[in-house]
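Here the structure is laid out as C-alpha cells; the discussion comes afterwards.
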C-alpha cells in the first residue's frame, strides 16, 4: 500500500477515525497493531509470516537474555536472534547475489557450474525491521534496556505502519514510552501532521516522480553515447529524485505518526547543504547512520584503537552500509567511495593546512557545493545497473561521451530549476529544521503553502510509483 495512492488515503482515514472513536487506550493500540499488519499484508500476504517470525523469536530471546546470568548462555541466546534475523535477511536479499558470484568464481577456476536459478522475492521492508529487532536484542544483551513487558507495545514498535517499510529505523526508547501512556494529538499537532503528509507527497509525486524521474530514467537507461550536459542533467535528476523520494516518505511517516499523537525522529536534515562527509552522514538517512555507528563501527573499535584501525573500521562500516542497500557490487562501490571520502576528510582535518578563507561564509558555501558534487558522483554507482554503465556515465560527465543531445530543452530546464530550488531550500534550512521554520511563520502562510502543495499534487496526478527505498 503506497502513501501516494487513493487506497492509502481511504485506509488512513478509516484508521485515524477509529483511533479517535475508541476510548480505551489498549483497544486503540490493538486496533493500530491490526491495521499495521493489514497495511503490510497488502503488499504480499505470505510475507507477514516472516515479520511474525522475527517478532516472536526476539520477544522470547529478549526475555531469556534478561533472565540468563552466565555469559556463555547469554551469548548463545543472542546468537539465536542474529542467526534467525540475519539468516532471513541474507537468504531473501543476498541469496541470488551469492549464487551469481559463486558461479563467476567457479568459471574463473575453470569449473562450468550451472545451478538452478533462484526465484527469490524480497519481502518489502525486511532490512528496516530486521535492523530494529536486532538493535532491541543487542540493547537487552548489553543492559541498555529491559525487555518489553507488553507484547502489544513490542509489536507496535516493530510494525507501526508509518515507519514499517522504509523507516526511520527506531530504537525502543524513541517510541515505547509513547505507547505506554494514553494521549491524543492536539488539534495543532493533527493539523501539522496532515500538512507534513501533504509536503511529503509533494516531494514524492511532484518533485521526484514528475520533475526529476523522467530525465533520470532517460539518462541512466540510455544505450547510446551521452554528452556532458545530458549526463549531468541525469546525475542531478537522480540526486534530487532519491532525496525527494526518500525524504518524502520519511516526511509522510513523521506526519502520519503525529496525527496519532506519536513523534518519530527526523531522518533528513538538509543533507545537500552538508559541509564534508561526516556532516553529510549526520544529515542523510540519520537513523541508518546512527545504527551503523552504534552497532557496527563502535563494536569494531571505533576510533579507540589507533589511526589505522579507525580508518579500517570506517571503511568496513561504509562497505557494509553500501551492501545493506542492495545485493550488487555497485552498492559496495558506492559505500566504498563514501568510506574513502571520510578517510580523506579525516586526514585533511588532522594533517592538512588551515585555510582561513574556507571558514568564512563564502568558503563554507564552496565546501558545501564541493561536497554535493562528490555525493553526486557516488549516486552514479548507486543508480546504474552495472559497473560498465556507471563508468560510461562517469566518463560522459567529464566529456568522454561525445554523443548527441538526448534530453529536450524543457526537461533540462525542469531538472536544473528544480535542483537549484532544492539546494537553496537546503542552505536556507541548514541551521534550523523545517518545524522550527514553520513555527516562526504565520498560520496564513502555512495554509497558503498547503493549498499550493495540494493543488500541485492533484495537477501532477502522479504515476503511483513505489518509493525507491522500498526495494532495500
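Is there a residue being assigned to a helix (DSSP H, G or I) and modelled with pLDDT under 90 anywhere in the range 189-205?
no
Based on this model, can you work out whether residue 64 counts as surrounded by 18 or more Cβ atoms within 10 Å (Cβ to Cβ), within 20 Å of residue 141 (Cα to Cα) and touching a residue at least 24 places away in the same chain (Cβ under 8 Å)?
The answer is no for residue 64.
Can we say residue 247 is crowded, with 22+ Cβ neighbours inside 10 Å, at pLDDT 95 or above and in contact with a helix residue (DSSP H, G or I) (Cβ under 7 Å, 6 or more places away or on another chain)?
So residue 247 fails the test.
Any residue at all in the range 73-90 that's out of contact with any helix residue (DSSP H, G or I) (no Cβ under 8 Å at 6 or more places or on another chain), in the same structural domain as residue 142 (by TED's automatic domain parsing) and closer than 28 Å to residue 180 by Cβ?
Scanning the range 73-90, I find no residue that is out of contact with any helix residue (DSSP H, G or I) (no Cβ under 8 Å at 6 or more places or on another chain), in the same structural domain as residue 142 (by TED's automatic domain parsing) and closer than 28 Å to residue 180 by Cβ, so the answer is no.
In the range 142-163, is there at least one residue being loosely packed, with under 12 Cβ neighbours inside 10 Å, within 26 Å of the chain's Cα centre (by Cα) and not in a helix (DSSP H, G or I)?
No - not one qualifying residue is present in the range 142-163.
Being farther than 30 Å from residue 459 by Cα, surrounded by fewer than 18 Cβ atoms within 10 Å (Cβ to Cβ) and not assigned by TED's automatic domain parsing to the domain that holds residue 453 narrows it down to one of 175, 169, 126, 111, so name that one.
Going through 175, 169, 126, 111 in turn, just one is farther than 30 Å from residue 459 by Cα, surrounded by fewer than 18 Cβ atoms within 10 Å (Cβ to Cβ) and not assigned by TED's automatic domain parsing to the domain that holds residue 453: 111.
Could you run through the range 397-422 and say how many residues are more than 18 Å from residue 216 (Cα to Cα) and in contact (Cβ under 8 Å) with a residue 12 or more places away in the chain?
2
What number of residues within the range 296-325 are surrounded by fewer than 17 Cβ atoms within 10 Å (Cβ to Cβ) and more than 23 Å from residue 349 (Cβ to Cβ)?
So the count comes out to 2.
Scan the range 14-25 for residues that are touching a helix residue (DSSP H, G or I) at 6+ places or on another chain (Cβ under 7 Å) and outside any loop (DSSP other than H, G, I, E, B) and jot them down.
Those that are touching a helix residue (DSSP H, G or I) at 6+ places or on another chain (Cβ under 7 Å) and outside any loop (DSSP other than H, G, I, E, B): 15, 16, 18, 19.
Check whether at least one residue in the range 208-227 is in contact (Cβ under 8 Å) with a residue 60 or more places away in the chain, in the same structural domain as residue 423 (by TED's automatic domain parsing), assigned to a loop (DSSP other than H, G, I, E, B) and surrounded by fewer than 18 Cβ atoms within 10 Å (Cβ to Cβ), and report yes or no.
yes
Any idea which of (1) in a helix (DSSP H, G or I); (2) over 25 Å from residue 132 (Cα atoms); (3) more than 17 Å from the chain's Cα centre (by Cα); (4) at pLDDT below 95 is the one residue 235 doesn't satisfy?
(4)
One line per residue, one yes/no per condition, for (1) in contact with a helix residue (DSSP H, G or I) (Cβ under 7 Å, 6 or more places away or on another chain); (2) surrounded by 13 or more Cβ atoms within 10 Å (Cβ to Cβ); (3) assigned to a loop (DSSP other than H, G, I, E, B):
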site	(1), (2), (3)
4	yes, yes, yes
12	yes, yes, no
28	yes, yes, no
32	yes, yes, no
46	no, no, no
54	yes, yes, no
59	yes, yes, no
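Which one of these is modelled with pLDDT of 95 or more, surrounded by 14 or more Cβ atoms within 10 Å (Cβ to Cβ) and assigned to a helix (DSSP H, G or I): 453, 369, 446?
Only one candidate passes the filter, namely 369.
The values are calculated or read from the model by the stated rules, or taken from the named source; none is laboratory data. For clarity, every value in this text was computed on a predicted model and none was experimentally measured. A quick note on method: Cβ atoms are made from the backbone with ideal geometry, for glycine too, and the neighbour counts reach across all protein chains shown.
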